[in-house]
Each structure stands twice: as C-alpha cells, then as structure tokens.
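Asker: One structure, pasted below without further comment.
The values are calculated or read from the model by the stated rules, or taken from the named source; none is laboratory data. In this text, all values refer to a predicted model and were calculated from it rather than measured experimentally. Every residue, glycine among them, receives a Cβ derived from its backbone with ideal geometry; neighbour counts consider all protein chains shown.
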Amino acid sequence: MHRRDKFFIGGQWVDPAGTGTIDVISPHTEEVVGRVPDGTPADMDRAVAAAREAFDRGPWPRLSFAERAEVIGRLAEIYAARQSEMAELITEEMGSPITFSQLAQAPQPLGMLQFYAEYGRTFEQEEQRPGLFGPVTVRREPVGVVAAIVPWNVPQFVTMTKVAPALLAGCTIVLKPAPETPLDAYLLAEMAKEAGVPDGVLNIVPGGRETGEHLVSHPGVDKVAFTGSTAAGRRIASICGEQLKRVSLELGGKSAAIILDDADLASSMGMLAIASLMNNGQACVAQTRILASRNRYDEVVDAVAAMVAGQRVGDPKDPATGIGPLVAKRQQERVEGYIRIGMDEGAKVVVGGLDRPHDRGWYVAPTVFAGANNDMRIAREEIFGPVLAVIPYEDEDDAVRIANDSDYGLAGTVWTADPDHGMEIARRVRTGTYGVNCFMLEPNTPFGGYKASGIGRELGPEGLTGYLEYKSIARLG
C-alpha cells in the first residue's frame, strides 16, 4: 500500500488544504494499492504561487542553459538508478505489462532527460544576426510558469515531454498527474529534490478535472502543456485563447498501418503487435486501423487475427503477459461499448468479442474486426483499447486516401519489402510521426500531430522552443 498524505510544493512536503483523498486501484486485482490527497483549487493556488515566486525571484530562470543542464543531468543519473522501481510502480497503478514498462514507461522518460541535459550544455541563450543599421541580438528567455497536465496511460513519458524541456528553458512547473496514476509523480518529486532542483521549480498536485481547470485558468500560469483527449484539449484551448495564454496540446489519434502487397506478413506481425497493441491498446499512437489491399485482404486478416490471438492476456506483473487490464472499469465498459458498436455496424469479429478473459480485473478480450470500412465509428473514433479494424483498399492511392481520411493525424506506419518505396508513402500521409516497418518515438525528434491530434511539438530541439520566448534587440553604436 503506497500512502502519501502531502503535496510537493515549494520544494517541501506540505499538508493539503482539503480532506479528500484519491484511491489508486489496481486494474488487475481491483484492490486499493495507494492513496494520495485530492488536490483542491486552494492547493493549486499555493502551487502556482510557489512556482511564480521561484520564477520571478528565484535563481533557476537566471542560470545559464549549461548550469540548468547540469542539474537535469544529475536528475537523469538518479532516474537511471531508480528506473526499475518506476517501471514496477507504473505497472502496479495502471496495468501496463511489466515488459512494456521496462522497455518504454521508464526508459523513454530517462532518454528525454539525457537528451535535454546534453543538448543544453551547448545551447546558446543569445545569437547575433546582421541588421539594417547594426547587429541584432536574438535572445531566448523562459516562457514563465508552466501548467503541465498529464494523463494516466504513459504517465512518466508525457510528464517528461513537458518537464524536461521546461526545466532546461528555465521555466517553473506545476504538474497535475491524473488521479488514476499519481504515485509515479511522487517518485519523480523525490528524485528532483535529491538532484538539487531548486525549491518551487517543480510542484506536484494530483487532482481531478475541476482542479485541472482551475490550474489552466489561473492568471499566474503563463503556458499550459496538456496531453489527453481531444475533447478536453478543445476546452483547454478555448480557455487559453480567451486569456492569450501559450498552449501546447498533444491529443488523440486513429492511426493507420498500411500493409503493402509486397510486405512479408510473418516478419511484420511482431513489430505490428507493438505498434497496434502497446500498453494494452491505451496509446494515442496505436495503429488501430489496419489497411490491406483486396488482393491479400483475407491473408492479412488471418495474420492479424493470429497475432492478436497469440497475445497472453493476464497479470501485468508477469513478464509473459502481452496485454494486461485497462486502467479503470469505465474504460473497460467504454471499449466493450465500441465492440458492440462495431458488431452493430456490420463488421465481423474474427478474434475476441465481448467475452471477458478474466472474471476479476478490468480486462477486455483483444478484438479484431474484419469487413470494416473507414466510415464506421470503430474506424473513426479513438477507442483506446486493444481493438483493431482491418479495412480493405483498392490500390496505394486509395490506401493513402483512407489513411488521410481521419480527423486525426498523429501517427502511422507502412509495411513493405521496399523501404525506399515505404518512404514515398510516408511523405504522403499527413501525420506528425510515421514508421516504415516499425514505429518508435525518439527523444531527439519532434512528436506531435496534425489536425485534431494537437497543436505544437514535443521532444527534440523543437520541444524546447515551446517553452521559450524570443526577444530581438537591435542597437545602434
């Protein structure tokens, strides 16, 4: 039982303003495994005040990039020593298979810290450019107090896409973890304090939607960085638009995997399983639309069905598990609702369906639909669970058209024996990230989406720019 009774504000563990608590429930056992205080607007006011004080009067924004990079590097070393602990904690609180947690949930945030620590060592705050009447100095300054609001599916990954570049930029941060997964954020707070992150630079208050909206609307916040649903992103964008507040949004996806006729299905399915079913299907980048030509449609359906049927569904702590439970009962019911929708729309279940694989835990049967088309809701709406729809296409132009026929544009893949030709397909699909015979996110390259998948980019040098203001200073003499 993980018990926390305080918030991390101003570099100290402080008592909450209210008496409410959040129970962290294991998706596998349905038992309470942790308890933390439930943040209120008053707690957020205190956290913003601490971040504001640290930004307006503290040393952090006034250090050089290299000095801040040194602290981030120390945080990376501490994180590396505790990444196994972090992976196990995330598996416990949200049901991610331990193998995925060990390969992605903990190592990818560490990679971001390492990247920004190295990048910041040589990053220049000012550069000189020639002007009409003399030199012009272009100066990069931190945007200010950042509200970082993150979801439950890959909690440390999305936390670090915001915290790592914001720290390097010189910002101060109020982090609101999702109520389903607050425990990993407490572990991060311990690491930050040990690394010497100054008081008030990182503040952590878990809470629900009302507390999050209070943070977004707070006049002391200069920028909001949000990852979550497109519906919530629209609400946040409207608030930030009214206040002319900086905002970056990483939202939903409905990504398409195009399987070309020359693809070797046997070798493709192993990597496609990761791309489409990672984290129990609870990934915004999941390749949930599988596009197959009519020439090989039945063959692709059989291959995808065999791949999904071969996944072991069970205890997320078991290294042999490929798919664990969904994060909450409401998510289980939501995904099962979409399975019913797909059946009602006329798609055929070839694997899975509505029979739950376990009596206890928030499990759903990994499901593959055949006979789907791109107009069905199961092909257009983000399900956020292990549900795949195999959609036929006529030719490559039709495949690209179907891939692009979506409100989203976050990710995608193409599977082919000719990687050069795969690159040609990749250039035609309107998404922010793409893979040829693979899918992965690299800490040194930008991540984000087109259309309803968001605004702005995270990761890489581009991820730093969202936390900087640019000032041009011209001079004579």
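Asker: State whether the residues of the range 446-458 include one that is at positive phi and in a strand (DSSP E or B).
Answerer: yes
Asker: Confirm whether ALA17 is buried (at least 16 other Cβ atoms within 10 Å of the Cβ), part of a loop (DSSP other than H, G, I, E, B) and of a type outside the set (Asp, Glu).
Answerer: Considered against the rule, which asks whether it is buried (at least 16 other Cβ atoms within 10 Å of the Cβ), part of a loop (DSSP other than H, G, I, E, B) and of a type outside the set (Asp, Glu), ALA17 comes out as yes.
Asker: Output yes when any residue across the range 197-216 is surrounded by fewer than 24 Cβ atoms within 10 Å (Cβ to Cβ), touching a Pro at 6+ places or on another chain (Cβ under 7 Å) and closer than 24 Å to GLU118 by Cα, and no when none is.
Answerer: yes
Asker: Oh, and also: Go through the range 367-403 and count every residue that is within 17 Å of ILE341 (Cβ to Cβ) and not hydrophobic (A, V, I, L, M, F, W, C).
Answerer: Total satisfying the criteria: 11.
Asker: A further question follows. One residue is enough: does the range 260-280 have a residue meeting the conditions over 30 Å from ALA389 (Cα atoms) and either modelled with pLDDT of 95 or more or part of a loop (DSSP other than H, G, I, E, B) (or both)?
Answerer: Looking through the range 260-280, none of the residues is over 30 Å from ALA389 (Cα atoms) and either modelled with pLDDT of 95 or more or part of a loop (DSSP other than H, G, I, E, B) (or both).
Asker: Could you tell me which of the residues GLN243, GLN156 is crowded, with 24+ Cβ neighbours inside 10 Å, polar (S, T, N, Q) and in the same structural domain as PHE65 (by TED's automatic domain parsing)?
Answerer: GLN156
Asker: Quickly run through the range 217-227 and pick out the residues that are within 18 Å of MET160 (Cα to Cα) and either surrounded by fewer than 23 Cβ atoms within 10 Å (Cβ to Cβ) or free of Cβ contacts under 8 Å to residues at least 12 places away in the same chain (or both).
Answerer: The answer is none; no residue qualifies.
Asker: Within the range 230-258, how many residues turn out to be touching a residue at least 60 places away in the same chain (Cβ under 8 Å) and not in a helix (DSSP H, G or I)?
Answerer: 13
Asker: Another question, if that's okay. For the range 304-328, what are the residues that are without any contact (Cβ under 8 Å) to a residue 40 or more places away in the chain and surrounded by fewer than 21 Cβ atoms within 10 Å (Cβ to Cβ)?
Answerer: ALA306, GLY310, ARG312, ALA320
Asker: With the requirement that a residue be under 25 Å from GLU88 (Cβ atoms) and in contact with a helix residue (DSSP H, G or I) (Cβ under 7 Å, 6 or more places away or on another chain), what does the range 4-35 give you?
Answerer: ARG4, PHE7, PHE8, VAL24, SER26, PRO27, VAL33, GLY34
Asker: In a loop (DSSP other than H, G, I, E, B) and either of a type outside the set (Val, Ile, Thr) or over 19 Å from HIS218 (Cα atoms) (or both): does that describe GLY34?
Answerer: no
Asker: Could I ask something else about it? Taking the range 342-394 as the search range and keeping residues that are of a type in the set (Asp, Glu) and touching a residue at least 40 places away in the same chain (Cβ under 8 Å), which one is surrounded by the most Cβ atoms within 10 Å (Cβ to Cβ)?
Answerer: The residue in question is GLU382.
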